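Working notes, beginning with the structure itself.
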Amino acid sequence: MSNAMWGGRFTASPDSIMEEINASIGFDQRLAAQDIAGSKAHAAMLAQRGIVSAEDAAAIQDGLDRIAGEIEAGTFTFSRALEDIHMNVESRLAELIGEAAGRLHTARSRNDQVALDFRLWVRDTLDAVDAALHDLQLALAEKALAHADAVMPGFTHLQSAQPVTLGHHLMAYVEMIGRDRGRFSDARRRMNESPLGAAALAGTSYPIDRHAVAAALGFDRPTANSLDSVSDRDFALEALSAAAICAVHLSRFAEEIVLWATPQFGFAALSDRFSTGSSIMPQKRNPDAAELVRGKAGRVIGDLVGLLVVMKGLPLAYSKDMQEDKEGTFDALDALALTVPAMAGMVRDMTPDLVRMKAAAGSGYSTATDLADWLVQKLDMPFRQAHHVTGRIVALAAARGATLEQLPLAALQGIEPRITATVFDVLGADRSVASRTSFGGTAPDNVRAQATAWLERLKG
């Protein structure tokens with residue numbers, strides 16, 4: 001016999017491979033809490049509107065509470081033959097309360113039901129992601145404040161560029177994560193509309209109250225178009241898009257931690273808590289946590305692309321292709337649920353080598369721009385000319401195997417006679433970072449002010 005929940009039109013059971021490809025209970029059972037919450041709100045509205053009796057509604061509410069308890073206790077039996085979480089719950093409800101269970105599906109379809117459940121799950125998960133990102137920002141800002149004046153090299157093209165501070169570097173990620181949180185917040189705001197009541201695609205003739213259901217479930221309002229209600233997955237796409245950008249930010253920082261932990265850089269070390277060893281090389285300390293954060297970014301990006309491809313060719317309204325929306329979304333947001341706390345842990349765990357960082361900050365002629373700026377400010381030289389003069393001085397230092405600070409004044413004057421001894425005031429890495437006082441610059445006072453402002457906001 002065909003599926004008892006929808007099989008009135010059918011005289012034979014689905015082929016075994018059809019049953020296999022059609023079933024989603026293996027992954028959508030994660031929506032159980034949201035499915036039960038939606039059903040309880042729907043049943044309460046049906047009773048309030050007189051569509052079902054108060055007695056039946058009470059039995060439904062009691063049965064749903066019992067099912068929630070079974071699922072939480074791990075005693076609920078999920079059946080692949082019942083395809084999905086919706087029919088598994090409804091079938092068990094019928095076992096518990098009998099005929100009254102059949103009234104629950106009045107004025108709704110699995111189409112609006114799954115759209116509701118999935119929306120609720122994504123909304124709940126974004127709230128959890130935001131809390132984790134808040135903690136990561138807190139860890140970064142605290143570390144930045146502690147190292148506001150710790151000099152390190154700043155890079156462009158992964159070549160030494162200009163000295164910065166470790167605090168300034170970490171605060172860059174505080175800003176990035178802040179934008180990530182803003183994107184998740186925007187996505188959450190837009191998704192906070194209830195599709196329940198759209199039914200299959202055209203709405204319903206029953207006198208339902210969609211606004212009451214929306215309010216009961218914490219939505220701002222019901223969705224405005226029934227076709228769009230059941231076919232929209234923008235909320236998942238937006239969440240995945242924000243997740244992909246966030247994962248890229250985490251991956252960039254993870255890559256830096258991997259580099260910093262190498263003997264070649266030696267800028268920072270992770271403890272045993274965030275490192276692993278080698279099965280053959282006893283000396284190895286591998287920054288596997290950072291590498292896994294970096295690697296999972298690819299999965300998140302792939303999940304976004306996968307859902308975009310699923311949705312790109314679908315006509316209105318619902319198509320079974322949309323069953324493919326959940327696994328990628330679960331996977332991507334699960335990845336963030338792991339990587340964000342892991343990154344916060346690494347930030348707090350990381351021990352920077354301040355001596356090694358400072359020594360590296362002065363290498364590679366990183367104060368050359370300071371020299372060019374001095375020529376402009378003190379000698380009234382056009383910047384392009386100052387750039388050229390500085391380039392000649394750098395070439396001389398390279399030929400002598402010396403730093404800019406180690407060149408004698410006479411050598412500098414051999415290239416530009418007007419240079420005075422005061423030029424050495426700007427050639428040290430410490431003096432370089434202290435001079436970058438423009439808003440958003442790396443001067444330690446700037447970093448302390450920015451870190452303090454963020455910490456006040458995060459702890460407020």
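Tabulated data
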| item | result |
| --- | --- |
| Built amide H within the under 5 Å cut-off of Val164, gap 5+ | Met152, Gly154 |
| Euclidean distance of C-alpha centroids, the stretch 120-143 and the stretch 88-115, integer Å | 35 |
| Neighbour net charge for Leu217 - beta-carbon separation under 15 angstrom, K R +1, D E -1 | -1 |
| Cross-link table Lys296/Lys358; Lys143/Lys378; Lys40/Lys312; Lys284/Lys358, entries beyond 30 Å C-alpha to C-alpha | Lys296/Lys358; Lys143/Lys378; Lys40/Lys312 |
| Candidate residues Tyr318, Tyr206, Tyr173: accessible-area rank, largest first, probe 1.4 Å | Tyr206, Tyr318, Tyr173 |
| With DNA, RNA and ligands ignored, accessible area of Asp353 (1.4 Å probe; Å², nearest 10) | 60 |
| Whole-Å distance, taken between Cα centres, linking the stretch 159-207 and the stretch 28-44 | 25 |
| FRET efficiency for Thr75 and Arg356, using Cβ-Cβ distance with R0 set to 51 Å, rounded to 0.05 | 0.35 |
| Counted charge near Lys358, where neighbours are those whose Cβ lies closer than 11 Å (Asp, Glu -1; Lys, Arg +1) | -2 |
| Within the accessible area of the chain (1.4 Å probe), percent carbon and sulfur | 54 |
| Proportion of all alpha-carbon pairs of the chain beyond 29 Å (%) | 61 |
| Environment charge at Gln264 (Cβ cut-off 15 Å; Lys +1, Arg +1, Asp -1, Glu -1) | 0 |
| Under-5 Å amide H pairs with Val52, H placed in peptide plane, nonlocal only | Ala47 |
| The stretch 361-459: relative contact order in percent, alpha carbon pairs under 8 Å with at least 6 residues between | 26 |
| Per residue accessible area of the chain, 1.4 Å probe, in Å² | 46 |
| Percentage relative contact order, the chain, counting C-alpha pairs under 8 Å, at least six apart | 17 |
| DSSP H segments from the chain that extend 15 Å or more along their own axis, Cα-based, with Kyte-Doolittle mean of 0.0 or above | 32-48, 85-97, 110-146, 234-260, 288-311, 325-349, 368-379, 383-400 |
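The values are calculated or read from the model by the stated rules, or taken from the named source; none is laboratory data. These numbers were taken from a predicted model, which means no experiment stands behind them. A quick note on method: Cβ atoms are made from the backbone with ideal geometry, for glycine too, and the neighbour counts reach across all protein chains shown. Ligands, DNA and RNA are excluded from the accessible area calculation, which covers all protein heavy atoms including side chains. Shrake-Rupley method; radii C 1.70, N 1.55, O 1.52, S 1.80 Å.
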